[in-house]
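We did not get these values from a lab; they are worked out from the coordinates using the rules stated. Here the structure is a predicted model, which is why all the values come from computation and not from measurement. Please note: Cβ atoms are built from the backbone with ideal geometry, for glycine as well, and neighbour counts cover all protein chains shown.
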Amino acid sequence: MTRKTHKTSRAVSQSDRSTDPVILFLHSTAMMGDERWEEAIATLQRFLEWVDKPTDRGIAYQNLGACYLALDRFDEALAAVDEVLHIQPDESEAIYNRGVICACASRFPEAVTAFELYMHNWPDLARQREIQLTLRKLRRIESGKLPPGTYQLEHLQEQISYNLEVDDFHLVENKARRIIALVLDRMEGHFALGLACLELGRYPEALEAFQAALLRDPDDEETLYNIGQTYLKLYQPEIALSWLERAQRRKPKDLAVLHQLGVACEAMKQREDAIRWWKRTLKIDPHYELALWRLHEIGEGPEPDKPLSPNQIRLNAMTPVVKARMRKPQVFQKGDVTLTYDEQVGFVLEDTGNPLNGTIHAGGPFKIAEISDEDLLDLMGLTKMVLRLINEHNTRDIAVLTYYADDQIFNYQARFDRSKRIEFDSLGHFVITEVPRFFKLRIESDLATPYGNPMQGKLIYLNQYPRPGILISTLGVEHYGT
């Protein structure tokens, strides 16, 4: 279900935080980004007590509907969407959201009516969202050709795919259990539960869930592979090997399976077998880094040399040039990350721990402000919501880099070209309850947010004691927080 953001730039004093509509709305949006639905509902309801502007109220009710839907409170979700339509009868997102809510609630005739209206009035948007396919699916459900829970299962699966991207495994577990309760005889919920338990270190539970998935789809290669993975975590490589071999028979050229077969053999002290599996992996993909590193570690190959990207080559060339232009450079350092900046010139971000990460901006002067820890957590929650909203139709480039005090790193990059995602990478866990040492956001999108419309540029935050922090932005924000 689509969620919207509220555009504003007003700063307030700390004493106004509990009653100022701007702060209340930003808090609620951050809570939604972290899927704290009950808290978001309470905050949105307080927001509605303080605003009269119809468009503001419409956005708040739209977001309330999203929160209620996430909690399966369908009647309240529909009531919220009806409030939006009372304010803006031709609001396209409200019509679409009504269809989503009704479909999830198994009210299929109402869902079909809403989606047909959406397709008639906004055909371009309907094509983007493949509403025609949705209508066919709903009619098959109505006729009994598909189980009643099929639509909601796919709705939850879409959310799970995002949760997996940012390592929110506790949310994956919750939604997996909802799927199992919804359609016990489908494998998807059991498989997702297995993934969550595996990543959370609960290996016996993961095995039980994967076995339940396998009962429902005995030939699924991903399930076989993950059972093997789980047995490796349990230090039982002999059993793991048999499951990985079954997975490899289903997909003979799967690189991850071939690599893990080598890992299992190495754990069993079968060195030559391990080498054969890793070399077999490299015959398919000579640049498969995991196999290259394994061979290097056991003395069977050189250290992998990851080539620099064209952007990184340009960055390395420009770094001394931009630094030389700085008359009064200031340097902030946290661990491997060094930020050198001059308010009138630009900044250079260098990361000795990860040479492939860096940023140069020579388009000063900057907008600089201090930011409180509380506001920073809200900013990260809002960023998490942005990651949910970006898609191939409104975004060309986005990257988030976050360093935490315990050296945990979250890295997210996605690039889009001609309505297709052409590059994606996600590593680490996005923790928005912990103030980071360093936070960088780069985005180029048509998405309207509190930080720009359209949202383009870079935003840098460095936690520098004893100052609360420094915010360097080219996203259009002049001041955030107190």
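Annotations for the structure displayed:
- Positive end of the dipole of the chain (Cβ unit charges, origin at the Cα centre): among Val348, Gln152, Leu459, the Cα lying farthest that way belongs to Val348.
- Amide H contacts of Leu447: Met455, each under 5 Å away and 5 or more positions distant or on a separate chain (H built 1.01 Å from N in the peptide plane; Pro and chain starts excluded).
- Averaging the Cα positions of each part gives two centres, and for segment 147-224 and segment 288-303 these lie 33 Å apart.
- Label of the coordinate-derived value, P(r) over Cα pairs in 10 Å bins from 0, in percent, listed as (i) 3, 16, 21, 19, 14, 10, 8, 5, 3, 1, 0, 0; (ii) 4, 16, 24, 25, 19, 10, 2, 0; (iii) 4, 20, 32, 29, 13, 2, 0: (ii)
- Pairs beyond 19 Å (Cα-Cα), from Lys251/Lys279; Lys175/Lys251; Lys384/Lys458; Lys334/Lys367; Lys233/Lys269; Lys384/Lys440: Lys175/Lys251; Lys334/Lys367
- The tail of the calculated P(r) for segment 310-361 beyond 13 Å holds 54 percent of all Cα-Cα pairs.
- Charge dipole (debye, nearest 20) of the chain; +1 at Cβ of Lys and Arg, -1 at Cβ of Asp and Glu: 1100
- Stretch gain in nm, segment Arg327-Phe424, where the contour uses 0.36 nm per residue and the Cα spacing is subtracted: 31.1 nm
- Here the Karplus relation 6.51 cos²θ - 1.76 cosθ + 1.60, evaluated at θ = phi - 60°, turns the backbone of segment 209-216 into coupling constants of 5, 5, 5, 5, 5, 5, 4, 8 Hz, with x for every Gly and Pro.
- When peptides 32-42, 384-394 are ranked by their average number of other Cβ atoms within 10 Å per residue, the highest-first order is 32-42, 384-394.
- Separation of alpha-carbon centers, segment 28-86 and segment 359-420, rounded to whole Å: 25
- Using all pairs of distinct alpha-carbon atoms, the Kirkwood hydrodynamic radius of segment 14-146 works out to 15.7 angstrom.
- Residue exposure sequence - Ser18, Ser445, Ser92 - by fewest surrounding Cβ within 10 Å: Ser18, Ser92, Ser445
- Positive dipole terminus of the chain, leading residue within Phe430, Thr281, Thr230 (C-beta point charges): Thr281
- Its DSSP H runs of at least 4 residues, each contributing -39,500 (n - 2.57), put the calculated 222 nm mean residue ellipticity of the chain at -17000 deg cm²/dmol, to the nearest 500.
- Computed over the alpha-carbon pairs of segment 125-179, the distance histogram in 5 Å steps reads 4, 18, 21, 18, 16, 15, 7, 1 percent, short to long.
- Over 16 Å [Cα-Cα, segment 188-271], rounded percent: 47
- Over segment 282-344, volume per residue of the alpha carbon convex hull, in Å³: 132
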